[in-house]
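Comments concern the structure below.
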Amino acid sequence: MEKAEVQAKLKDFFMSNLGVDGDVLKYDTALFGDEVGLDSVDSLEIISFADDEYGVSMTGLPKETFYSIDTIADYIVKNA
């Protein structure tokens, strides 16, 4: 599985399912800071997406795993 493919799917998911502006969202943008502003409910959506799309459980992982599209994609690629 290619990291670039996972990154692209994640970015599309954030834009279409979580309403994140694609102009603001880069692969290294902090997802839970002031710039994007996701919250704990959104993290549940991310966990569900990773499980449904890639069969990867992200439940109970440290918050650093959810820092950006890059960190989430890294985890998925390593654990899929």
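The values are calculated or read from the model by the stated rules, or taken from the named source; none is laboratory data. What you are looking at is a predicted structure, and each value in this text was computed from that prediction instead of being measured. Ideal geometry is used to build each Cβ from the backbone, glycine not excepted, and the neighbour counts take in all protein chains shown. Protein only, heavy atoms only, side chains kept; ligands, DNA and RNA dropped before computing areas. Shrake-Rupley method; radii C 1.70, N 1.55, O 1.52, S 1.80 Å.
Quick notes on this one:
- Degrees separating the helix 3-18 axis from the principal Cα axis of the chain, which is the longest one: 50 degrees
- Across the chain, C-alpha contacts under 8 Å between residues 6 or more apart give a mean separation that, scaled by the residue count, equals a relative contact order of 37 percent.
- Accessible carbon and sulfur surface of the chain relative to its total accessible area, %, 1.4 Å: 46 percent
- Within straight-line reach of Lys26, meaning a Cα separation under 17 Å, sit the following lysines at least 8 residues removed in sequence or on another chain: Lys3, Lys9, Lys11.
- ³J(HN,Hα) computed for each position of the range 27-37 - Karplus, 6.51 cos²θ - 1.76 cosθ + 1.60, integer Hz, glycine/proline x: 5, 10, 5, 5, 6, 10, x, 5, 5, 9, x
- Its Cα gyration tensor gives the range 1-51 an equivalent ellipsoid. The semi-axes, each the square root of 5 times an eigenvalue, are 17, 14, 9 Å from largest down.
- Per-residue ellipticity at 222 nm computed for the chain from its helices equals -17000 deg cm²/dmol, with DSSP H segments shorter than 4 residues left out and the rest contributing -39,500 (n - 2.57).
- Nonlocal amide H pairs with Val20, under 5 Å, H built at 1.01 Å: Met15
- One chain, two ends: Lys78 and Ala30. Fully extended at 0.36 nm per residue, the span grows by 15.2 nm beyond their Cα-Cα distance.
- With respect to the chain, whose longest principal axis is taken over its alpha-carbon atoms, helix 40-54 is tilted by about 40°.
- The Stokes-Einstein estimate for the range 15-80, based on a Kirkwood radius over Cα pairs and taken at 20 °C with 1.002 mPa s viscosity, is a diffusion coefficient of 177 µm²/s.
- Site pair Glu45 and Thr65 shows an inter-label distance of 2.0 nm when each label is modelled 7 Å from Cα along Cα→Cβ.
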